[in-house]
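Enquirer: Would you mind keeping the following structure in view while I ask a few things?
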Amino acid sequence: MAQLWGGRFTKETDKLVYNFNASISFDQKFYKQDIQGSIAHVCMLGKQGILTKEEMQDIVRTLDEICKDVESGKLKITDEYEDIHSFVEANLIDRLGDTGKKLHTGRSRNDQVALDMRLYTRLEVLYTDELVRDLLQELLKIMEENTETIMPGFTHLQKAQPVTLAHHVGAYFEMFKRDRSRLHDIYNRMNYCPLGAGALAGTTYPLDREYTASLLGFEGPTLNSMDSVSDRDYVIEFLSALSTIMMHLSRFCEEIIIWNSNEYQFVEIDDAYSTGSSIMPQKKNPDIAELVRGKTGRVYGALMSILTTMKGIPLAYNKDMQEDKELTFDAIDTVKGCLALFTGMISTMKFNKEVMSKSARHGFTNATDAADYLVNHGVPFRDAHGIVGRIVLYCIDKGIAIDDMSLDELKAISPVFEEDIYDAISMDTCVNKRLTIGAPSKEAMMQVIAIEKEYLAHD
Ligand code: ARG
């Protein structure tokens, strides 16, 4: 049991208590950030004359060595230490003796762990952003290739109006684009350095907090030492953004599972991203999409857990906050894994364009346009709605589409119809007459694609 305290204790910690309290099994994940923070702290102590130049250099060099040794596997992080902070400091002291004991001057584990978590999370925000960006690239590619691929658009999972695959996928492009913008906001808001806050009330040493902050790439130091050690808003914000990403992925997965079903056959998931059944030889299951949908729950769980943990904590640091780590790490790894797999799955997925367009043609998706035709010929919309309703009923009875009706049949229901009705309700017209920005026509989509291309080129 190696711990950084004990002077005022007369008894050994109970073994169960020690294990319950220890965090090394999970906070070793940010050993690099812990060392990075310590190096910045020591450089600042040296600059301020709190440590001599030689002490500073010795500590920095040795911390670097410890980092390399852990990386190479030469030095193992074991549970004989209470946490990663104790591990690094104990190893430093082993290697440097008394000079090593000066590392923690003007610092508490409270501001240290606040820094480590922030550095770790900040980096993961960037990694996540990169993965969302990769996904957007893939979506844009699908959009560019499918501005003419007609498919039914749905409401209530009932065929509604024809759209294109580019338009449908474009909806997800917007969702994931907003996700990136959320990540950028979080990055900017969290990018302040808590180091120097001490246990809660700053320190009496002449620390240069601006300097430490700039060494670690922060905008500046945080402005209240009590808030600095007890703020985990950025964790909550990140988990909230991750939850939203998962919600978007999960919706998309749900659609892909439906599209990939035997009944729809709009898409075929590649063999490399499908799994078989141990009993039914014919099966090819969309397990990856289902798993991504399923894993959404654990990411939401992490968000709920930390929100709940934080809600009753009085200022400033309390040990409850150690609970911020495991679920956050798990959520980050989960989302990154899901993003990478999802991008791989859709980039190899086959779209059955014929099936999609046939489905659009056979679901009365042009009924609104048939009503609009009547409106354009002077029929009030409500009457037009009723007329087309009767037409649909007639078609259902006969098992045909509106386009299959003869002009005589149409005229029997409303004399307003003329030969040009067929062109007015063709799938191509239904889609390509919708010209306002955001609508599915090829013309409108091309404008959007140009905007999104520009966005990806610069962001
Ligand atoms: N393992 C602790 C955590 O994750 C580090 C901070 C410990 N500070 C303390 N005063 N016990 O929060």
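Enquirer: Just list whichever of Lys29/Lys453; Lys11/Lys74; Lys283/Lys353; Lys295/Lys442; Lys102/Lys325 have alpha carbons separated by over 26 Å in the model shown.
Expert: Pairs exceeding the cut-off: Lys29/Lys453; Lys11/Lys74; Lys295/Lys442; Lys102/Lys325.
Enquirer: For every helix of n ≥ 4 consecutive DSSP H residues, a contribution of -39,500 (n - 2.57) applies; sum these over the chain, divide by its total residues, and give [θ] at 222 nm rounded to the nearest 500 deg cm²/dmol.
Expert: -20000 deg cm²/dmol
Enquirer: What angle, in degrees between 0 and 90 and rounded to the nearest 10, separates the Cα long axis of helix 381-398 from the longest principal axis of the Cα atoms of the chain?
Expert: The angle comes out near 80 degrees.
Enquirer: Residues with amide H under 5 Å of Ala160's amide H, sequence separation 5 or more or different chain, H placed in the peptide plane at 1.01 Å from N; which?
Expert: The answer is Gly153, Phe154, Thr155.
Enquirer: So what J values fall out for the stretch 365-375 if you push phi through Karplus, 6.51 cos²θ - 1.76 cosθ + 1.60 with θ = phi - 60°, rounded to Hz, Gly and Pro as x?
Expert: Along the stretch 365-375, the couplings run 6, 9, 5, 4, 5, 5, 5, 4, 4, 5, 4 Hz.
Enquirer: With angles folded into 0 to 90 degrees, how steeply does helix 287-310 sit against the dominant principal axis of the chain? Use alpha carbons for both and round to 10.
Expert: The two axes meet at around 50 degrees.
Enquirer: About the Cα centre of the chain, what is the dipole size in debye to 20, counting +1 per Lys and Arg Cβ and -1 per Asp and Glu Cβ, all else neutral? All intermediate terms of the calculation are to be shown ahead of the outcome.
Expert: Working: 50 positive and 70 negative charges, 190 e Å.
The dipole magnitude comes to about 920 debye.
Enquirer: Further question: For every other residue with a beta carbon closer than 9 angstrom to the beta carbon of Gly100, add +1 if it is Lys or Arg and -1 if Asp or Glu, then tell me the sum.
Expert: -1
Enquirer: Under a Cβ-Cβ cut-off of 13 Å, what is the net charge of the residues other than Thr203 that fall near it, where Lys and Arg count +1 and Asp and Glu count -1?
Expert: 0
Enquirer: So what's the chain giving for Cα Rg divided by 2.2 N^0.38 Å, two decimals?
Expert: 1.35
Enquirer: Report the net charge of residues surrounding Ala384, where surrounding means a beta-carbon distance below 13 angstrom and charges are Lys +1, Arg +1, Asp -1, Glu -1. If you can, show how the numbers build up before the last one.
Expert: Details: positive: Arg382, Arg390; negative: Asp369, Asp372, Asp383.
Once all neighbours under 13 Å are counted, the net charge is -1.
Enquirer: Ok, one more. Which chymotrypsin sites (Phe, Trp or Tyr not before Pro) does the stretch 170-209 hold that lie in a coil by DSSP with at most 13 other beta carbons within 10 Å?
Expert: Sparse-neighbourhood loop chymotrypsin sites (Phe, Trp or Tyr not before Pro): none present.
Enquirer: Give me the distance between the Cα centres of the stretch 381-447 and the stretch 215-252, rounded to whole Å.
Expert: So the separation of the two Cα centres works out to 50 Å.
Enquirer: Under unit Cβ charges (Lys, Arg +1; Asp, Glu -1), what dipole magnitude, rounded to 20 debye, does the stretch 15-105 have relative to its Cα centre?
Expert: Computed charge dipole of the stretch 15-105: roughly 160 debye.
Enquirer: Also, I was wondering about something else. Which one of Ala384, His168, Val17 is farthest out on the positive end of the charge dipole of the chain, using unit charges on Cβ (Lys, Arg +1; Asp, Glu -1) and the Cα centre as origin?
Expert: In the chain, that residue is Val17.
Enquirer: May I ask for the distance between the Cα centers of the stretch 118-160 and the stretch 329-354, given as a whole number of Å?
Expert: Here the answer is 10 Å between Cα centres.
Enquirer: Next up: Just to check I understand the Karplus step: with θ = phi - 60° and J = 6.51 cos²θ - 1.76 cosθ + 1.60, what whole-Hz values come out for the stretch 90-95, glycine and proline as x?
Expert: 5, 5, 5, 5, 3, 8
Enquirer: Right, here's the next one. Excluding residues fewer than 8 places away in the same chain, name every one of the lysines whose C-alpha is closer than 21 Å to that of Lys411.
Expert: The qualifying lysines are Lys398.
Enquirer: So which GluC sites (Glu not before Pro) in the stretch 198-277 are both in a DSSP loop and have at most 10 other Cβ atoms within 10 Å of their Cβ?
Expert: Numbers: sites: Glu210, Glu219, Glu237, Glu254, Glu255, Glu263, Glu268; in loops: Glu219, Glu263.
Within the stretch 198-277, the qualifying GluC sites (Glu not before Pro) (loop, at most 10 other Cβ atoms within 10 Å) are Glu263.
Enquirer: Right, something else. Of all DSSP beta bridges in the chain, what percent run antiparallel (nearest 5)?
Expert: Beta bridges within the chain, antiparallel portion: roughly 75 percent.
Here, each number is a calculation from the coordinates, and none is a lab measurement. What you see is a predicted model; the values in this text were computed from it and never measured. Note that each Cβ is placed from the backbone with ideal geometry, even for glycine, and that neighbours are counted across all protein chains shown.
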